[in-house]
1. What list of ³J(HN,Hα) values in whole Hz, one per residue of segment 92-105 in order, does the Karplus curve 6.51 cos²θ - 1.76 cosθ + 1.60 (θ = phi - 60°) give from phi, with Gly and Pro shown as x?
2. In terms of solvent-accessible area of protein heavy atoms at a 1.4 angstrom probe, what is the ranking of His77, His46, highest value first?
3. Taking only protein heavy atoms and a 1.4 Å probe, what accessible area per residue, in Å², does the chain have with all protein chains in place?
4. Once ligands and nucleic acids are excluded and a 1.4 Å probe is used, how much of Phe50 is accessible, expressed in Å² to the nearest 10?
5. For the pair Glu166/Tyr7, report the inter-label distance in nm, with labels modelled 7 Å from Cα in the Cβ direction.
6. At a Förster distance of 35 Å, what's the computed FRET efficiency of Glu143 paired with Ala52, Cβ-Cβ distance as r, to 0.05?
7. What length, rounded to one decimal in nm, is gained on full extension from Ala123 through to Val75, with 0.36 nm per residue of separation minus their alpha-carbon distance?
8. Quick one: Debye curve from the alpha-carbon atoms of segment 82-180 only, equal weights, vacuum; give me log10 I(q)/I(0) at q = 0.10, 0.15 Å⁻¹ to two decimals.
Amino acid sequence: MIARFTYDDLAVSRWRNGGGETREIISFPPGAEHFGWRASIATLAHDGPFSAFPDIDRVITLLHGDPVLLTAPGVQHRLTPQNPWAFAGELALTAQLQGSVSEDFNIMTRRGEWQATVEVVTAPVSSLHGVAWVLAGAWQTAEGERLTAQRGAWWVDEETQLSPCEPDARLLFTRLNRVP
């Protein structure tokens, strides 16, 4: 199963605290009460706390905007564009914007069921399960379908390969694996 999406296709949910909004890409499996993994794009408009997600591992990648300072007891991390950062969903993080509105890409996996690695790539990649978001240029599947900036795909149980079409192409690539 492979699904393609564009930024404009994603439904917007406003946060209860008024600090931003989320555009959900997929909560897998679709329709399940508890997700195994979830992918989304969020807009951070104001300083404030992150929601806690017990038993969930998270990877956040700032897509664009000014850096965001993430703090919790004993933790301080400066989130900068296109540098994925992994953390436990239980962590009581607070976000402090270092300028204007920022937008980030989020992957959440249920601990003990799924694991994710997220990286920015410029060379061909493949995986059996994953999510891809084009940051720059164009990328092509093995079947010849092209994805361009602000477009992506997610897939499960289907070996999927993506290759850059241009020298400056960059892809945010999430490789997902089931935990045995």
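1. Values per residue, Gly and Pro as x: 7, 7, 10, 9, 10, 5, 9, x, 8, 4, 10, 10, 10, 9 Hz.
2. Numbers: His77 45, His46 110 Å².
Ranked list, largest accessible area first: His46, His77.
3. On the way: 8710 Å² over 180 residues.
Normalised by residue count, the accessible surface of the chain is 48 Å².
4. 30
5. Label at Glu166, label at Tyr7, 1.5 nm between them.
6. Values: r = 41 Å, r/R0 = 1.16.
After rounding, the FRET efficiency stands at 0.30.
7. Numbers: separation 48, 0.36 × 48 = 17.28 nm, distance 3.27 nm.
Extra length available between Ala123 and Val75 comes to 14.0 nm.
8. Per q value, in the given order, log10 I(q)/I(0) is -0.31, -0.67.
The values are calculated or read from the model by the stated rules, or taken from the named source; none is laboratory data. Everything quoted here is computed from the prediction, not taken from an experiment. Because the Cβ atoms are built from the backbone with ideal geometry, glycine has one as well, and the counts that use them run over all protein chains shown. In case anyone asks, the SASA skips ligands and DNA or RNA and just uses the protein heavy atoms, side chains included. Shrake-Rupley method; radii C 1.70, N 1.55, O 1.52, S 1.80 Å.
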